[in-house]
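The values are calculated or read from the model by the stated rules, or taken from the named source; none is laboratory data. Small disclaimer: the values here were computed from a predicted structure and weren't measured. Glycine gets a Cβ as well: all are built from the backbone with ideal geometry, and neighbour counts include every protein chain shown. Side chains are part of the model used for accessible areas, which takes the heavy atoms of the whole protein and leaves out ligands, DNA and RNA. Shrake-Rupley method; radii C 1.70, N 1.55, O 1.52, S 1.80 Å.
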Amino acid sequence: SFQGKLYFWTGTYYQESPFEEEIQRISNWCNSTPVQSGKKWKYSYATATHVDNIWNWLQRNFSYPPNKVNPLGINCLNGVVKIKWRGRKANYSLEAHHPHVVYTYISEVKFDPNADSINCDRMLSCLEPAQQKLFLQTIAASLDLATIRGLQGRESSRALLCKGHGSNGKDTLREAVRILFGQTMSNATVNDFAAYDQGRKFCLSKLEGSLINCSSENSSFNNLDRLESLKAAITGDPLDMERKGVDERQMMLNTIFLFNVNEVPNLQASMEAIQSRWAVLSFNKTYKKKADPSKGEMEADSRFRYDPNFLKEKVCPALLNKILEALSTLAVEGIDYSCTEEAIKNIQEETNHLWAFARDVGID
């Protein structure tokens, strides 16, 4: 039992058992189990009170500590990729699934340390090399964000604004990460954070237990600098957890944030304040049939967009290897965000012409 839900072992992970299904099983048992009362037998358990009491007893009797659910590593189809640290070096190994190691998700990918990377390299080519490295290191940080922040500080986990119009590859990257990380990836939008700041806190309950939050619909939102809950989430400060019918409590997040955007977001804070929380990935290439390279176009391959099995078998195993490799370089080197600074300056100038004026006349 975890967070008010019951789970059962499938052989590779613990799958949630629907509340309605379990309540029906309990009700059926109560309706068919007589109790002796004197010389008579009665179906005394056949009441809503007894059904609720049995449900509550199950929750208490089989409860499991939240900090032991989904431990470090990735629960792959063919075993658990465990991560162990030796100083700043991350070592990893494949271990068999075991019911004592509690994962409530299963990745759709098999771990293959020898996976061919040619198709993964094609997918990542939607970004320039320096930004490819930044993207991989950011995703890698989610595998053990607490350790990475301890080694490199909170700036090693800036939120990424993935900016670009049209068929530019960012949705394919998002889908590949989703296939790899499964239910540990959430999709809270900027508007969900705006709703939280206005008092509708249940919008962010989806973040609990999330390693990566990557949302694709962020087309209209107010000034990002004014969203206090978003700033807190990015820096790892606690938020309030509110679910319907459950008492409010504090929620600690260890989550990496990526937001796909088409329109230019509004960033008006100082450069130092922005760069402590945000970085921009520029998806400037366009994928299309009969591409013209002189226009920055790349030949489209529909399998990346419409064939999930292609991603699972030919792309994601190599992506996992690259992420694991990036974890070690991240712990030693940190993340170099210099390749995103120009994009942030351009965003500031597009949203406030005073920035452009200051830059043109040399005011720092």
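List of remarks:
- Basic side chains Lys and Arg get +1 at the Cβ, acidic Asp and Glu get -1 at the Cβ, and with that the dipole of region 1-115 about its Cα centre reaches some 520 debye.
- For the listed residue pairs Lys289/Lys322; Lys170/Lys288; Lys110/Lys322; Lys133/Lys285; Lys231/Lys322; Lys288/Lys314, the alpha carbons are over 19 angstrom apart in Lys289/Lys322; Lys231/Lys322; Lys288/Lys314.
- Accessible surface comparison of Phe19, Phe259, probe 1.4 Å, protein chains only, largest first: the order is Phe19, Phe259.
- Using just its DSSP H runs of length 4 or more, each adding -39500 (n - 2.57), the chain gives a mean residue ellipticity at 222 nm of -10500 deg cm²/dmol after division by all residues.
- Cβ-based charge dipole, the chain, positive-most Cα from Gly4, Gln36, Tyr105: Gln36
- Value of D in µm² per second that Stokes-Einstein yields for region 50-206, Kirkwood Rh from Cα pairs, at 10 °C (1.306 mPa s): 85
- Each residue was assigned an accessible area with a 1.4 Å probe, and for Lys42 the value is about 110 Å².
- The charge dipole of region 107-206, taken about the Cα centre with unit charges on the Cβ atoms of Lys, Arg (+1) and Asp, Glu (-1), comes to about 360 debye, rounded to the nearest 20.
- Each Lys or Arg adds one and each Asp or Glu takes one away; over the other residues whose Cβ falls under 13 Å from the Cβ of Pro71, this sums to +1.
- Leading residue at positive end of dipole, region 301-364 (Cβ point charges), from Ile344, Ala331, Val361: Ala331
- Distant-in-sequence amide H partners of Asn70 (H built 1.01 Å from N, under 5 Å): Val102, Tyr103, Thr104
- Rounded accessible area of Lys295 (nearest 10 Å², 1.4 Å probe): 150
- In Å², nearest 10: area of Lys285 left accessible to a 1.4 Å probe: 50
- About the centre of its Cα atoms, the chain shows a dipole size close to 1260 debye [charges on the beta carbon of Lys, Arg (+1) and Asp, Glu (-1) only; nearest 20 debye].
- Relative contact order for the chain, counting Cα pairs under 8 Å that sit 6 or more residues apart, in percent: 19
- Among Ser142, Val81, Tyr287 the positive-end extreme of the charge dipole of the chain (Cβ point charges): Val81
- The relative contact order of region 283-364, computed from alpha carbon pairs under 8 Å that lie at least 6 residues apart in sequence, is 11 percent.
- Here the relative contact order of region 1-155, from alpha carbon pairs under 8 Å that lie six or more residues apart, stands at 21 percent.
- Accessible area of region 1-127 divided out per residue, in Å², using a probe of 1.4 angstrom: 63
- In straight-distance terms, cross-link reach from Lys82 covers every one of the aspartates and glutamates whose alpha-carbon lies under 18 Å from its own, apart from those fewer than eight places away in the same chain; here that gives Glu95, Glu108, Asp112, Asp144, Glu325.
- Taking θ as phi - 60° and the Karplus parameters 6.51, -1.76 and 1.60, the scalar couplings of region 275-281 work out to 6, 6, 10, 10, 9, 10, 9 Hz in sequence order, x denoting glycine and proline.
- Estimated inter-spin distance, Asp121 and Thr235, nm [label 7 Å along Cα→Cβ]: 4.1
- Formal net charge of residues neighbouring Ala343 (Cβ-Cβ distance under 12 Å; K, R +1; D, E -1): -3
- Across the protein chains, with a 1.4 Å probe defining accessible surface, the residues His97, His353, His50, His165 rank His353, His165, His50, His97 from largest area downward.
- Projected area, mean over directions - region 64-146, Cα convex hull, nm²: 6.9
- Integer Hz, Karplus 6.51/-1.76/1.60 couplings in order for region 123-138, x for Gly and Pro: 5, 6, 5, 5, 10, 5, x, 5, 6, 4, 4, 4, 4, 5, 5, 5
- Sulfur and carbon atoms: percent of accessible area, region 1-94 [1.4 Å]: 52
- Taking one quarter of the surface of the convex hull spanned by the alpha-carbon atoms of the chain gives a direction-averaged projected area of 22.6 nm².
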